[in-house]
Amino acid sequence: MTSTYDPVARFADEMIARGIGLPSKGISPDGELHRFQGEGDKRGCLNAWYVLYLHPIPCGAFGNWRLGATFRWKDRDCSITPHIEHQFRQIQRERNFSRKAAQEAAALKAAKLVESSDAATLDHPYLIAKRIKRTHNARNSMGNLLIPLQDVDGKIWNTQTIDESGQKRFAKSARIQSCFALFGSLSNGSPLLICEGWATAATLFEREGLPTLAAMNAGNLLPVALAVRSKWPDRVLMICGDDDRFTEGNPGRTKANEAALAANASVAFPSFGPGDFGTDFNDQYLTNQGGSA
């Protein structure tokens with residue numbers, strides 16, 4: 001721990017203590033959202049994030065989307081006076097306005113990119129490795145899979161690119177919360193499946209034939225499920241969670257159960273035998289087909 005007053009160092013200490021890890025470039029207390037490869041994340045996966053303010057008081061938040069973890073932090077030596085609270089709320093309003101404007105700009109860019117791209121082809125290494133039989137909603141962007149992410153009203157807000165090795169990237173400054181990749185149609189009133197990753201959703205859709213939504217990470221299962229429930233109050237929903245049994249706290253199972261409870265949905269998890277190392281429904285499919293999860 002630090003021995004002199006340094007709010008940035010204290011914030012870093014808290015991130016380490018919570019198991020999130022630290023960005024290799026250090027922490028920038030600029031009030032902006034920063035993504036980085038967190039503790040336990042695969043190489044190149046920017047699931048961890050933080051935002052840190054120094055004014056009017058040192059405070060911030062951090063977490064990991066893969067784990068569905070979010071933590072808030074305030075320097076213990078700072079008290080919040082009415083004046084400081086007013087300043088902070090004003091800053092938050094300005095930040096939220098700027099964030100929403102950036103998200104709208106990113107949405108326009110994402111929609112144009114999807115519209116101008118060609119459909120993906122089945123010879124992409126990621127599709128081959130995951131044994132996906134159709135390209136579904138995937139497009140091609142300079143050799144990468146390009147996945148459009150929409151809201152319940154069909155508006156495209158974001159894209160995820162998946163390269164040949166399976167590394168994934170979201171568009172910069174784009175909205176993620178409540179957005180998903182859609183398999184099938186939302187208009188026919190049939191039961192909906194909600195899961196985490198794109199390959200998992202593709203496998204579920206190919207095997208079950210039900211419309212499936214890929215929330216893209218455990219932390220987004222709840223926002224997607226609640227958005228769907230608000231749009232279709234009487235729709236039958238099933239959360240098809242990951243079983244992260246090798247990760248402390250099993251975030252896949254924990255977040256899936258939370259989403260199911262909040263959205264009045266049922267929940268299902270993949271099953272594996274002794275010695276199997278998979279965690280999701282695509283892994284289960286690969287294992288059953290004699291592949292490696």
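The values are calculated or read from the model by the stated rules, or taken from the named source; none is laboratory data. A quick note: this is a predicted structure, and the numbers were derived from the prediction, not measured. FYI the Cβ positions are ideal-geometry reconstructions off the backbone, even for glycines, and counts take in every protein chain you see. Each accessible area value is taken on the protein alone, full model and side chains, heavy atoms only, with ligands, DNA and RNA left out. Shrake-Rupley method; radii C 1.70, N 1.55, O 1.52, S 1.80 Å.
Would you confirm whether any residue within segment 233-245 is aliphatic (A, V, I, L, M) and touching a Phe, Trp or Tyr at 6+ places or on another chain (Cβ under 8 Å)? Spell out how you get there, then give the answer.
Narrowing segment 233-245 to residues aliphatic (A, V, I, L, M): 236-239.
Filter once more, so that each one left must be touching a Phe, Trp or Tyr at 6+ places or on another chain (Cβ under 8 Å): none.
The answer is no; no qualifying residue exists.
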Could you check S117 against (1) hydroxyl-bearing (S, T, Y); (2) touching an Asp or Glu at 6+ places or on another chain (Cβ under 7 Å); (3) over 30 Å from Y53 (Cα atoms) and say which number it fails?
(2)
Which count do you get for residues in segment 23-56 that are modelled with pLDDT of 90 or more, buried (at least 18 other Cβ atoms within 10 Å of the Cβ) and over 17 Å from the mean Cα position of the chain (by Cα)?
3
Odd one out for N217, checked against (1) under 25 Å from A120 (Cβ atoms); (2) at pLDDT 95 or above; (3) open to solvent by less than 20 Å² (accessible area, probe 1.4 Å)
(2)
Quick one: what pairs do we get from segment 119-131, first residue under 10 Å from S165 (Cα atoms), second open to solvent by 60 Å² or more (accessible area, probe 1.4 Å), C-beta under 6 Å, 6+ apart or different chains?
P125/E164
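Among the listed residues A106, A12, A101, which satisfies the condition of being at pLDDT 90 or above, in a helix (DSSP H, G or I), under 23 Å from Q177 (Cα atoms) and not aromatic (F, W, Y)? Walk me through it before giving the result.
Values: A12 fails: under 23 Å from Q177 (Cα atoms); A101 fails: at pLDDT 90 or above.
On inspection, the qualifying residue turns out to be A106.
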Pairs with Cβ under 8 Å, 6+ apart, first in segment 208-225 and over 14 Å from R253 (Cβ atoms), second assigned to a helix (DSSP H, G or I) and of a type in the set (S, T, Y):
A214/T200
Verdict on L67 being within 15 Å of K172 (Cβ to Cβ) and either assigned to a loop (DSSP other than H, G, I, E, B) or open to solvent by 30 Å² or more (accessible area, probe 1.4 Å) (or both)
no
Checked pairs for segment 178-192, first touching a residue at least 12 places away in the same chain (Cβ under 8 Å), second crowded, with 20+ Cβ neighbours inside 10 Å and aromatic (F, W, Y), C-beta under 7 Å and 6 or more apart or across chains, list as C179/W157; A181/W198; F183/F205; G184/F205
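State all residues of segment 185-211 that are open to solvent by less than 40 Å² (accessible area, probe 1.4 Å), closer than 19 Å to N288 by Cβ and not small (G, A, S); if no residue qualifies, say none. Working first, answer last.
Within segment 185-211, the subset open to solvent by less than 40 Å² (accessible area, probe 1.4 Å) is 186, 190, 192-205, 211.
Of the ones still in play, those that are also closer than 19 Å to N288 by Cβ are 193, 195, 197, 199-205.
Answer for segment 185-211, where residues must be open to solvent by less than 40 Å² (accessible area, probe 1.4 Å), closer than 19 Å to N288 by Cβ and not small (G, A, S): L193, C195, T200, T203, L204, F205.
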Single condition G154 does not satisfy, out of (1) closer than 28 Å to T287 by Cα; (2) at pLDDT 95 or above; (3) surrounded by fewer than 18 Cβ atoms within 10 Å (Cβ to Cβ); (4) of a type in the set (G, A, S)
(1)
Residues of segment 176-196 that turn out to be assigned to a loop (DSSP other than H, G, I, E, B) and of a type outside the set (D, E, K, R), as a count
12
